[in-house]
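Where a number appears in this text, it was derived from the coordinates with a stated rule and is not lab data. Every value quoted in this text rests on a predicted model; they were computed, and no experiment measured them. Here Cβ is always computed from backbone atoms with ideal geometry, including for glycine, and neighbour counts include all displayed protein chains.
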């Protein structure tokens, strides 16, 4: 008896293999979906609380809700209601114990003025009891940059007023210093004239000493001619005259040295005066520039006087501008 | 974040100053300031009657809250505007609010302003005795002539001396006023002092020196763009030129004065008429 014919099978047990592949794929997809759902918190029980804000600018669904910087939920839903926008916050139930009644929510940014927007929960006092599902809490809008700057400006204005007062005192001191410098400069300007007069005096003293020396020599010669014997007898007188001449010469030398020192002093003082003037000018420019820079410019605005100018011209009895 | 850090750094500075933040103006104060600002705008626009009404309103508001500085300031402003309107009696009455009330402690600065205004009013009315008395009072309050109104005070004294025929004294006071005005940067009073100096020189028989001073006054008044003062300078220059024998120049100055007067719609001054009569 011949064996029954069996057609050749190219892929034996193909159906079982396909079924196994599909099963593994379905299991993988289910596992992935489960992981995603877990990450999304679908398996965590959440309690819904509400806030009403007159302005929902910057708030969006899915925005994290944070408590002490820790994410405890997210914005679930938003809808328009009379008086503003009703924002539903989904809070993980396990954290609800930390959010008692009287808690407040506010719009904030994680890194100050810029950064991701979040809803921050500011817990109330625990003695008020826990919040329940669907309960509403108060919502505070955070301040904008302009409000922060304005507040800072308001707070800083008195400080700038004090600074202005201090600077005006410095300015007044500067005026005194400039008066002193002006006086010093006037005195310094007179120094060359003094120096010139001193040199003239030295020249005169030189000439006088020379004349005196010449006259003394002539007198000595005549004395020699008149009485050589007496001259011989009085050598002490000649010695004294020579000493006197030496003294006069010394005095003249001293005067020359004094004049040179005065000139040197003048030369060394002048750069200092120039530097002082330059410093004063620089300081004045710095003050002027600082006064023009915001926010100092506001503080330095002179308060206008409420009175009309008192003009002595009116005493002439001239017709006033309003008379017809 | 940077802003917050800057604010945090500035906070100790603010705390160190320990000055409370300036309180906003109360409603009445704000209304008074508003009325005052509107009055100043009306003065600039030349509506003196409207300005007087606004100053009266501001005065009433200041009185309602016993704001002594505001009362005095508005009374002085009223006296100025009333004088411009030719209501000298009302101007005096306005000043009496400050001058005839010793019980209320008005600021010294306001009392000084009121006394000087009264001296100006009396001098304008040719009452030299009263003007001298009020000037002396103001001078006592302006210690060693170091106050802000010293140039105006010295100019009033110069005019008083000139009215009394004391030309040397008038020139001396005018020179002191010019120095004080220059050091304070008060150009209006500097021009007034130069005009007074010119008048004093002219009265002393020095027309050339008078013309120099008056030309300087005219240059400043051109810069200040006050037609009344330009007119006064030109009339004085015409007098000085006439006294120097330069009739053509005098006639030229007079024609310019007439043009200024007509353009400003001011009545021609009696002094100008007098000079014209002398020139003919």
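Label zone of residue A:52 (point 7 Å out along Cα→Cβ, amide N under 14 Å): in segment A:75-98 this covers A:79-88. In this simple spin-label approximation, residue A:224 and residue A:132 carry label points 7 Å from Cα along the Cα→Cβ vector, and these lie 14.2 nm apart. What separates the Cα centres of segment A:199-218 and segment B:115-149 is a distance of 66 Å. Taking other C-beta atoms within 10 Å as the exposure proxy, A:212, A:5 rank A:5, A:212 from fewest upward.
Relative contact order of segment A:46-141: 36 percent, from C-alpha pairs under 8 Å at least 6 residues apart in sequence.
Look at the Cα gyration tensor of segment B:79-161: its axes a ≥ b ≥ c give a/c of at least 1.5 with a/b at or below b/c, and that counts as oblate.
Need one value for B:31-37: mean number of C-beta atoms belonging to other chains within 10 Å of its residues' C-beta atoms. Neighbouring Cβ atoms belonging to other protein chains average 1 per residue here. Using a Förster radius of 22 Å, what is the FRET efficiency between residue A:122 and residue A:101 based on their Cβ-Cβ separation? Nearest 0.05, please. It comes out at approximately 0.95.
Each label was represented as a point 7 Å from its Cα along the Cα-to-Cβ direction; for residue A:29 and residue A:61 these points are 2.5 nm apart.
A straight chain from residue A:45 to residue A:93 at 0.36 nm per residue would run longer than the Cα-Cα distance by 16.7 nm. Other protein chain C-beta atoms within 10 Å of residue C-beta, averaged over B:191-198: 2. Taking packing as the residue-averaged number of other Cβ atoms within 10 angstrom, the listed peptides B:118-128, A:130-140, B:251-261 run from highest to lowest as B:118-128, B:251-261, A:130-140. Take the alpha carbon gyration tensor of segment B:29-141, find the square roots of its eigenvalues, order them as a ≥ b ≥ c, and report rounded if a/c is under 1.5; if not, report prolate when a/b exceeds b/c, else oblate. Verdict is oblate for segment B:29-141.
Using only Cα atoms, what is the ratio of the radius of gyration of segment B:49-101 to 2.2 N^0.38 Å?
1.03
Peptide B:121-130 shows a mean partner chain C-beta count of 2 within 10 Å per residue C-beta. With the cut-off at 1.5 for a/c, could you classify segment A:1-51 from its C-alpha gyration tensor as rounded, prolate or oblate? Note, shape of segment A:1-51 comes out prolate.
Once C-alpha pairs closer than 8 Å and six or more residues apart are averaged by separation and normalised to the residue number of segment B:29-141, the relative contact order reads 18 percent.
Estimated from the Cβ-Cβ distance and a Förster radius of 45 angstrom, the FRET efficiency linking residue B:49 and residue B:130 is about 0.95. State the Cα centre-to-centre distance between segment A:11-30 and segment B:158-174 in whole Å. When both Cα centres are located, 123 Å separates them. What is the spin-label model distance, in nm, from residue A:80 to residue B:105 if the labels are put 7 Å beyond Cα along the C-beta direction? A separation of 6.3 nm, rounded to one decimal place.
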